[in-house]
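Here's the structure we're looking at; comments come further down.
Since every read-out is calculated from the coordinates, none of them should be taken as a lab result. Predicted model, so just to flag it, every value in this text is computed and none were measured. Note: ideal-geometry Cβ built from the backbone for every residue, glycine included; neighbour counts use all protein chains shown.
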Amino acid sequence: MTTQNIWRPGDTIVVQDVWRGRLWTARPMTVVVDDGQHLALWSPKGTVWKGSTTPPSRPRPEERLERILQCLDLCDWILQDRSLEMDLMWLLEPDIGYSVTLNWTGSGQPGSWYVNLQEPFERSHQGIRTMDLMLDVIVRRDGTWSWKDEEEFEAAVERGLLSSGKAAWLRDQAMQAIANVTSQETMFTQPWLGWRPDPAWGIPVLPEGWELT
C-alpha cells in the first residue's frame with residue numbers, strides 16, 4: 001500500500017481473515033494503540049462477529065476438522081453471526097507471522113497468552129487483512145508452553161492447503177513468538193497484564209463495508 005492508515009484509540013476497525021480472495025471471518029475491534037509498528041486491539045465479551053461455516057448446499061461433516069478443511073478446499077463457505085465469549089486483547093506487529101492474544105477470566109484476571117499463527121497483516125481502508133493458519137501456541141503465565149491445533153495444521157499440509165515450506169516457516173515464527181512472550185521485555189507483555197479498557201468504548205459493531213476485501 002502506498003498510504004498507511006494509522007488509527008486513534010477508540011476507533012473501530014475490521015479484522016478480516018481472507019482465504020483465496022474470499023472473506024473467511026470479519027471481526028469488529030477497538031483500537032487501543034497504533035503507532036505504525038505496534039497495534040493493540042480490544043474485543044470485549046458479547047462482540048458479534050462473522051465466522052465461516054458449511055453452506056446449506058452440501059452435507060455438513062460431523063467432525064469440526066473436516067468441516068474446516070472442506071470449506072477451505074472448496075471455497076464455498078457462508079458467513080454467520082457469532083458472539084465472543086470472553087474479553088480479548090490482540091497484539092500485532094508488521095511483517096511477522098503471528099499475533100498474540102491475552103484473555104481475561106470472569107473475575108477480571110488475565111489468563112494465558114495465546115499465539116495465533118497467521119499471515120502477516122496488511123492494512124486496508126477499514127482495518128487489517130490476514131489469515132489464520134490453524135497452528136497455535138498457549139504460553140502460560142509461568143513461561144511453560146504447548147502447541148494447540150496441531151492436528152488441524154498437519155491435516156492442512158497433507159491436503160495441500162499449506163506447503164511444507166510454509167509449515168516450516170510458521171513453526172519458526174511460533175518459536176520467535178514464544179521467545180518474545182516469555183522475555184517479558186516486548187510489547188506482547190507489559191503493560192497489558194494490568195490494563196483495562198475505557199468504559200466509554202462499549203462493544204464494537206461491524207461498520208459499513210466490513211465485507212469488502
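Contact order normalised by length for the chain, with contacts defined as Cα pairs under 8 Å and 6 or more residues apart; what percent is it? After rounding, I find 21 percent. Among 66, 119, the ranking by other beta carbons within 10 Å of each residue's beta carbon, starting with the fewest, stands as 66, 119. Largest GNM mean-square fluctuation across 35, 76, 132, computed for the chain with C-alpha springs under 10 Å, falls on 35.
Legend: calculated FRET efficiency, residue 53 to residue 168, from the Cβ-Cβ distance at R0 = 25 Å, rounded to 0.05, equals 0.25. Legend: P(r) of the range 73-139 from all alpha carbon pair distances, 5 Å bins from 0, whole percents, reading 4, 13, 18, 21, 22, 15, 5, 1, 0. Build a GNM of the chain with springs between Cα atoms under 10 Å apart, and of 29, 187, 175 the one that fluctuates most is 175. Computed over the chain with a Gaussian network model linking Cα atoms closer than 10 Å, the most mobile of 194, 97, 127 is 194.
Each listed q (0.09, 0.15 Å⁻¹) maps to a log10 I(q)/I(0) for the chain, found by the Debye formula over equal Cα scatterers with no solvent: -0.35, -1.04. Of the DSSP H helices in the chain, those with a Cα length along their own long axis of 24 Å or more and a mean Kyte-Doolittle hydropathy reaching -1.0 comprise 164-183. Panel note: the C-alpha atoms of the range 1-79, placed on their principal axes, show extents of 45, 33, 18 Å (largest first).
Computed from the Cβ-Cβ distance with R0 of 35 Å, the FRET efficiency linking residue 159 to residue 125 stands at 0.55.
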